[in-house]
Amino acid sequence: MTTRAESAAATRRALLDAAAELLDLGGPEAVTLREVGARAGVTRGAPYRHFTGKDSLLTAVAAESWERIGDQVHALRTDPALSASEKLRGALRVLIDVGRNQPHLYQVLFRRRANLPGQLGDGMDRIRRQLCGPEGDPAVADRAAERFQDEFLDIVAALTGERSARHYGALLLTSAHGIAGMELSGHLDTDKWHTTADELVDTLVRLVTDARELT
């Protein structure tokens with residue numbers, strides 16, 4: 001017999017899957033609680049029992065996506081068959097591949113929220129967490145993104161050393177973000193630039209590897 005908790009978990013899973021599908025198909029504008037509920041095949045009021053609104057739902061989708069990205073980078077970091085440079089190259093491509101294959105999700109992952117934690121004041125932040133958390137709590141997505149960043153920094157540190165890892169890590173991530181954005185917008189034209197996203201990633205890895213060898 002299915003318990004109430006199991007039923008609620010199954011409903012939430014169906015809602016998140018439906019939201020992710022709608023996001024891929026039509027972007028954030030296509031994701032409404034009504035459409036998500038219809039696609040998930042649940043009652044009209046079910047989405048509102050799990051999420052306070054569209055932003056809460058998209059935040060939960062982002063949190064799960066960051067967790068998956070973190071898992072992929074963790075698998076790379078702990079793979080004994082890969083060299084340090086291969087791990088770094090793979091980690092950068094994980095991020096770029098999200099922009100390439102799921103452009104709407106990529107934009108949600110890097111969107112700027114109107115109100116970040118702490119900007120509303122302690123009282124309002126506490127009320128928001130009570131209303132939205134944990135399913136739509138921005139802190140959940142932030143922690144998942146931070147886990148990815150920590151896994152990535154460990155990969156970078158294996159090449160650059162702990163002392164320089166954050167400097168080079170920031171350089172690499174901002175570069176990867178720029179590559180993904182250029183490719184996504186269509187401005188990374190091979191006829192114009194005579195290069196590709198993958199070739200740029202290879203160049204980044206070589207630059208960091210060479211810089212380490214010179215220090």
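Structure values in brief
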{"quantity": "Gain in span if fully extended, THR2 to THR32, counting 0.36 nm per residue against the direct Cα distance", "calculated": "8.0 nm"}
{"quantity": "Spin-label pair ARG68/ASP24, simplified geometry with 7 Å Cα→Cβ offset, distance in nm", "calculated": "0.7"}
{"quantity": "Solvent-accessible surface (1.4 angstrom probe) belonging to ASP24, in square angstrom, nearest 10", "calculated": "70"}
{"quantity": "Surface accessible to a 1.4 Å probe, per residue, for the residues of the chain, Å²", "calculated": "57"}
{"quantity": "With every protein chain in place, the chain: carbon and sulfur % of accessible area (1.4 Å)", "calculated": "52"}
{"quantity": "Neighbourhood charge, 12 Å Cβ-Cβ cut-off, centred on ARG34 and excluding it, Lys, Arg +1 and Asp, Glu -1", "calculated": "+2"}
{"quantity": "Distance (nanometres) between label positions extended 7 Å along Cα→Cβ at THR203 and THR43", "calculated": "5.8"}
{"quantity": "Listed candidates [x] 38; [y] 20; [z] 34 - label of the one calculated as percent of Cα pairs over 30 Å apart", "calculated": "[z]"}
{"quantity": "Mean Kyte hydropathy of 0.0 or more with a Cα span along the axis of at least 20 Å, helices from DSSP in the chain", "calculated": "4-26, 138-160, 162-185, 197-214"}
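The values are calculated or read from the model by the stated rules, or taken from the named source; none is laboratory data. Just so it is clear, the model here is predicted, and its values are computed rather than measured. Cβ coordinates were reconstructed from backbone atoms using ideal geometry, including for glycine residues, and neighbour counts include every protein chain displayed. The area values use the complete protein model at the heavy-atom level, side chains included, leaving out ligands, DNA and RNA. Shrake-Rupley method; radii C 1.70, N 1.55, O 1.52, S 1.80 Å.
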